[in-house]
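The values are calculated or read from the model by the stated rules, or taken from the named source; none is laboratory data. Nothing here was measured: the structure is a model prediction, and the numbers come from that model. Virtual Cβ from ideal backbone geometry, glycine too; neighbours counted across all protein chains shown. With ligands, DNA and RNA removed, areas are computed over all heavy atoms of the protein, side chains included. Shrake-Rupley method; radii C 1.70, N 1.55, O 1.52, S 1.80 Å.
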Amino acid sequence: MRELQHLDWPFLEERHGILASELDTWAREHVAHIHGPDVDAACRTLVRTLGGAGWLRNAIGGAWGEQETIDTRAICLIRETLAYHNGLADFAFAMQGLGSGAISLQGTNEQKEKWLPRVARGEAIAAFALSEPDAGSDVAGMQCAARVEGDHAILDGEKTWISNGGIADFYVVFCRTGEAPGARGISAFIVEAGTPGFEIAERIEVIAPHPLARLKFTNCRVPLSNRIGAAGEGFKVAMRTLDVFRTSVAAAALGFARRALDEALQRATSRKMFNGTLADFQLTQAKLAQMATTIDSAALLVYRAAWMRDEGATVTKEAAMAKMAATEGAQQVIDAAVQMFGGLGVKSGETVEQLYREIRSLRIYEGATEVQQLIIARELLKELKE
Ligand SMILES: Cc1cc2nc3c(=O)[nH]c(=O)nc-3n(C[C@H](O)[C@H](O)[C@H](O)COP(=O)(O)OP(=O)(O)OC[C@H]3O[C@@H](n4cnc5c(N)ncnc54)[C@H](O)[C@@H]3O)c2cc1C
């Protein structure tokens, strides 16, 4: 049994501690070993397994969720725990939440009834389609457009880097609808897989395999009843969703980092060298101390941001701080673990080698570190003027 001391922190309630401890035990038995060369199949299995056991209810809010509103702390604890055991399980959980988040937060009752129960049971796979080939960090520069014809919207354009692309049952797609220039002229639509005019243009392979694709829309008709929120409000819908899930990316990074530290401790105390073990040397001890301190500082930022959001506060700055500190810190922790493992650290299939590949994209998606820095600075300067 792992020591989960942070569960006693005042940011968390008793139910959170119970949830994380139970999931830790469950994950060890049920998802830690689900991998395999067919990443689509592994991901589908993970979604069904997580849904069947009831964990996905925590990824959504409302009547079909575990709580009336999205519980950020629960989502963070679940991501941290799943990431510790299996990166793809964390991905499967996170995408059910991110992909359906706009519906949970701002969908109509009809949209919620149609999708949320199936998302929660792991019967429908969700995706969130915001980025485009020429609009990633500068997301308001998106080109994918939707024009209204009668009671339909007609979508034309592309989205890329879309997680679950190719296996999702529905995609929340953000398009330019032109009510106003820039961010104020964007709307969100639910597009079901198989809708005529919608195709998977390319499957994309990345260093830590996940289902990922470029999507193409050509005269793709979706009923206006599939729009989430008001016309022109799509950017706000996207940002509200990311406000929840950005902190949870930090929590996933924390899970990867905790695993790396545990692996490093095991290795350092068992690897024999120079008439002792690797852990006997002060150079190793300094590394372990730095790793543990980086992890605890990131954890404090993660659970502060999650707690503040659950208390109803605006967490733009705190979520950005958590994401930057946890993802950058986890990269350093994991790199230190790989170094301690020596040659074994870069051997394909070793846990620390997998962690090294898993962590890299977390510093890029849902706002690269540089974007988080700009957000933090902007908020600081805004506070100064107030
Ligand atoms: C594995 C993976 C999964 C993803 N899943 C999804 C998904 O499900 N849905 C979705 O919509 N998108 C997804 N994305 C896309 C992701 O959000 C974008 O990759 C990210 O926003 C960066 O956009 P970009 O790749 O176009 O890079 P660019 O916007 O070209 O940025 C490149 C780099 O420039 C730097 N940079 C950016 N802005 C500044 C600045 N102002 N000043 C200085 N430097 C800067 C950063 O280092 C950044 O990494 C995913 C990406 C990856 C890698």
**OP:** Tell me which residues, restricted to the range 368-386, are more than 6 Å from the ligand (Cβ to nearest atom) and modelled with pLDDT of 95 or more.
**Re:** Thr369, Gln372, Gln373, Ile375, Ile376, Ala377, Arg378, Glu379, Leu380, Leu381, Lys382
Subject >> Matching residues, the range 81-111, being away from the ligand (no atom under 16 Å from the Cβ), of a type outside the set (A, V, I, L, M, F, W, C) and closer than 19 Å to Phe256 by Cα >> reply: Thr81, Tyr84, His85, Asn86
Subject >> Candidates Leu261, Leu254, Leu242, filtered to the one that is under 23 Å from Gly165 (Cα atoms) and either open to solvent by 50 Å² or more (accessible area, probe 1.4 Å) or touching a residue at least 24 places away in the same chain (Cβ under 8 Å) (or both) >> reply: Leu242
Original post:
Using beta carbons and a limit of 6 Å, which pairs, at least six apart or on different chains, have the first residue in the range 89-104 and touching a residue at least 40 places away in the same chain (Cβ under 8 Å) and the second one among the aromatic types (Phe, Trp, Tyr)?
Top reply: Leu98/Phe128; Leu98/Phe245; Gly99/Phe128; Ile103/Trp115
**OP:** Quick one: in the range 142-153, of everything that is under 14 Å from Ile186 (Cα atoms) and touching a residue at least 40 places away in the same chain (Cβ under 8 Å), which residue is surrounded by the most Cβ atoms within 10 Å (Cβ to Cβ)?
**Re:** Ala146
**OP:** Would you mind finding the one in Leu77, Leu56, Leu23 that is open to solvent by less than 40 Å² (accessible area, probe 1.4 Å) and more than 21 Å from Asp243 (Cα to Cα)?
**Re:** Leu23
**OP:** Check off (1) touching a residue at least 60 places away in the same chain (Cβ under 8 Å); (2) more than 11 Å from the ligand (Cβ to nearest atom) for Ala129 and give me the number that stays unchecked.
**Re:** (2)
Subject >> the range 199-239, residues that are in a strand (DSSP E or B) and not charged (D, E, K, R) >> reply: Ile200, Ala201, Leu212, Ala213, Leu215, Phe217, Thr218, Asn219, Cys220, Val222, Pro223, Ile228
Original post:
Does Gly17 meet the test of being within 29 Å of Asn109 (Cβ to Cβ), surrounded by fewer than 18 Cβ atoms within 10 Å (Cβ to Cβ) and modelled with pLDDT of 85 or more?
Top reply: no
**OP:** Output the number of residues of the range 266-292 satisfying the condition of being over 16 Å from Gln332 (Cβ atoms), surrounded by 12 or more Cβ atoms within 10 Å (Cβ to Cβ) and among the hydrophobic types (A, V, I, L, M, F, W, C).
**Re:** 4
**OP:** Among the residues of the range 126-141, write down those that are farther than 19 Å from Lys216 by Cβ and open to solvent by less than 20 Å² (accessible area, probe 1.4 Å).
**Re:** Ala126
Subject >> Flag for Arg48 being over 30 Å from Asp262 (Cα atoms), away from the ligand (no atom under 16 Å from the Cβ), among the charged types (D, E, K, R) and out of contact with any Lys or Arg (no Cβ under 7 Å at 6 or more places or on another chain) >> reply: no
Subject >> Verdict on Thr269 being of a type in the set (Ser, Thr, Tyr), within 23 Å of the chain's Cα centre (by Cα) and either closer than 19 Å to Val148 by Cα or away from the ligand (no atom under 15 Å from the Cβ) (or both) >> reply: no
Original post:
Does the range 314-334 include one or more residues that are open to solvent by less than 40 Å² (accessible area, probe 1.4 Å), outside any helix (DSSP H, G or I), away from the ligand (no atom under 16 Å from the Cβ) and closer than 26 Å to Arg73 by Cα?
Top reply: yes
**OP:** Would you mind stating whether Ala183 is within 16 Å of the ligand (Cβ to nearest atom) and either part of a loop (DSSP other than H, G, I, E, B) or open to solvent by 30 Å² or more (accessible area, probe 1.4 Å) (or both)?
**Re:** yes
**OP:** Check whether at least one residue in the range 194-204 is at pLDDT 95 or above, buried (at least 23 other Cβ atoms within 10 Å of the Cβ) and of a type in the set (Phe, Trp, Tyr), and report yes or no.
**Re:** no
Subject >> Subset of the range 335-386 (residues that are of a type in the set (Val, Ile, Thr), within 20 Å of the chain's Cα centre (by Cα) and open to solvent by 90 Å² or more (accessible area, probe 1.4 Å)) >> reply: Ile364
